[in-house]
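Beneath this line is the structure, given in structure tokens, with notes to follow.
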Amino acid sequence: MWFPLMMSLFGEICCQAKEGLYSRAHSYLIVSGQKTPVCYDAQMIMSTNIVARSSSECLIKCLITTKQNLRGINYMSPVRSCSCVHKLNNIWYNVTADLNASCLAFVSHDCPKPFDYIIEVHKCYSLVNNLMNWSTAGKACNNASGHLLAVEDEYENLAASKYPQSVSKGVNIPLSFFGWCSGEPNGVANGNNYCLQYIILPECAWDDYTCTMLRCSLCEIDITL
């Protein structure tokens with residue numbers, strides 16, 4: 001049903017199963033501006049702990065234990081400890097850069113370059129530093145097979161506040177989550193079009209602004225759950 005295919009010398013790739021390639025887990029949110037190796041928080045309730053002799057055995061056992069509903073694994077070779085992290089939606093996956101007991105974490109995702117995988121929320125983001133208006137930014141994201149960020153819940157809202165400095169949003173879908181600054185939206189009903197921007201300020205989040213203003217933008221690409 002599944003089997004390990006490869007192991008890199010540096011532990012960047014664990015193995016490949018029928019469900020996809022499992023590669024080393026990193027976070028872009030723990031240390032600002034840095035891609036940091038991490039492990040899942042072993043205390044998370046969505047994990048199951050078992051014993052395994054290798055990371056590839058850990059993966060196989062976890063796929064069986066979770067009935068292939070596996071987000072990723074932790075493996076600590078000195079103590080042969082294996083943690084199976086289950087797939088769940090609308091949650092925040094806690095991770096740590098404190099890699100005790102030589103912990104290695106592996107995760108499967110299908111984020112294409114130049115998108116970064118945000119392990120905490122299982123999303124693919126790409127920050128576009130070019131200043132563009134809302135319409136041009138949307139087309140740029142579309143050309144990369146993605147769309148402007150669509151915030152679905154409070155966890156993604158938190159990730160969006162940590163990953164970029166400022167993003168804009170708009171995919172012509174109804175909002176199911178709101179994170180306005182106090183007093184917003186405050187756009188004047190004068191016939192002008194207003195778009196939603198995300199500004200990183202203490203105690204602040206969303207703001208409505210004219211769509212013609214130039215901003216950096218955050219693209220998102222949809223990936224399998």
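The values are calculated or read from the model by the stated rules, or taken from the named source; none is laboratory data. Keep in mind it's a predicted model, so treat the numbers as computed, not measured. Backbone-built Cβ (ideal geometry, glycine too); neighbour counts: all protein chains shown.
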For the stretch 40-55, what are the residues that are touching a Leu at 6+ places or on another chain (Cβ under 9 Å), modelled with pLDDT under 95 and surrounded by 18 or more Cβ atoms within 10 Å (Cβ to Cβ)? S55
Kindly check whether there is at least one residue in the stretch 205-213 that is modelled with pLDDT of 85 or more, more than 24 Å from G72 (Cα to Cα) and of a type outside the set (A, V, I, L, M, F, W, C). no
Of the conditions (1) closer than 19 Å to K35 by Cβ; (2) crowded, with 16+ Cβ neighbours inside 10 Å; (3) charged (D, E, K, R); (4) at pLDDT below 85, the single one that K169 does not satisfy is (1)
Filter the stretch 78-95 down to the residues that are touching a Ser or Thr at 6+ places or on another chain (Cβ under 9 Å) and buried (at least 17 other Cβ atoms within 10 Å of the Cβ) and list them by number. C82, S83, C84, V85, H86, V95
Check C15 against each of (1) modelled with pLDDT of 80 or more; (2) over 19 Å from the mean Cα position of the chain (by Cα) and name the one condition it does not meet. (1)
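Let's see how each residue does on (1) without any contact (Cβ under 8 Å) to a residue 24 or more places away in the chain; (2) assigned to a loop (DSSP other than H, G, I, E, B); (3) among the basic types (K, R):
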| position | (1), (2), (3) |
| --- | --- |
| Y93 | no, yes, no |
| A105 | no, no, no |
| D110 | no, yes, no |
| K113 | yes, yes, yes |
| V121 | no, yes, no |
| C124 | no, no, no |
| V128 | no, no, no |
| L131 | no, no, no |
| T136 | yes, no, no |
Just checking, does the stretch 134-141 include any residue being buried (at least 20 other Cβ atoms within 10 Å of the Cβ) and in contact with a His (Cβ under 6 Å, 6 or more places away or on another chain)? yes
